[in-house]
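What follows is a set of notes on a single structure, which appears directly below.
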Amino acid sequence: MIAAQSKPLAEEIIDEVIARHPERTGDVLAILEEIQQLHPLKYLPPETHEFVAQKMGVARSQLMSVITFYAFFNLKPQGRHTVTVCRGTACHTRGSKQLLDGLKAAAGFRDDDDEVGSECGAATSFTTPDCQLTIRTVACFGQCALAPVAAIDHEIYGHVSDLRLRKLVAAIDADTGAAP
Ligand code: FES
């Protein structure tokens, strides 16, 4: 099931996205973002880089420099839900490391894990092998007065405690049927 989901998007779908952007080169960020959002595992597989570069008439290396510059582009499959823990100074002093460690432990990652030993995950994030949950960090949400801050998908939560974060994650797990 996951292997099937991790296949690249069909070329016809990518063609449709590119066709919606007549200003191709100027719209490269929007095009890549749409393509990533359409992928069931919210990432840009290598085959997609090649195809998009050809279609847009740019060198693959040029496209890769864009993809790797922006943190919101994913080179590895992502979980269905994402929990982002802020690791900025304000959040760090208010316990964000403990939040992150507790979350990782509850999801089954070891302290020294920096990458998941499955087809899911990336060095800068942690994705459960069933691709239901990705845990990642951010440098600052710009909401330092609410430290410590975490986000679940696109919803930001301030003054988060370990217990509250686990309850929030449990609520999305109930939706997906996944552990922890
Ligand atoms: S340091 Fe966490 S929101 Fe700014």
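The values are calculated or read from the model by the stated rules, or taken from the named source; none is laboratory data. Because the structure is predicted, anything quoted here is derived from the model rather than measured. Ideal geometry is used to build each Cβ from the backbone, glycine not excepted, and the neighbour counts take in all protein chains shown. What goes into the accessible areas is simple: the full protein's heavy atoms, side chains included, and nothing from ligands, DNA or RNA. Shrake-Rupley method; radii C 1.70, N 1.55, O 1.52, S 1.80 Å.
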Can you work out which of the residues in the range 71-88 that are without any contact (Cβ under 8 Å) to a residue 60 or more places away in the chain and over 12 Å from the mean Cα position of the chain (by Cα) is most open to solvent (accessible area, probe 1.4 Å)?
-> Arg87
Selection within the range 135-151 - within 8 Å of Val85 (Cα to Cα) and touching a Cys at 6+ places or on another chain (Cβ under 6 Å) = Val138, Val149
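In this structure, does Ile156 turn out to be open to solvent by less than 80 Å² (accessible area, probe 1.4 Å), more than 10 Å from the ligand (Cβ to nearest atom) and modelled with pLDDT of 90 or more? Spell out the reasoning first.
On the way: open to solvent by less than 80 Å² (accessible area, probe 1.4 Å): yes; more than 10 Å from the ligand (Cβ to nearest atom): no; modelled with pLDDT of 90 or more: yes.
So Ile156 does not fit the description; no.
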Condition check for Arg80: farther than 23 Å from Ala139 by Cβ and out of contact with any strand residue (DSSP E or B) (no Cβ under 9 Å at 6 or more places or on another chain) = no
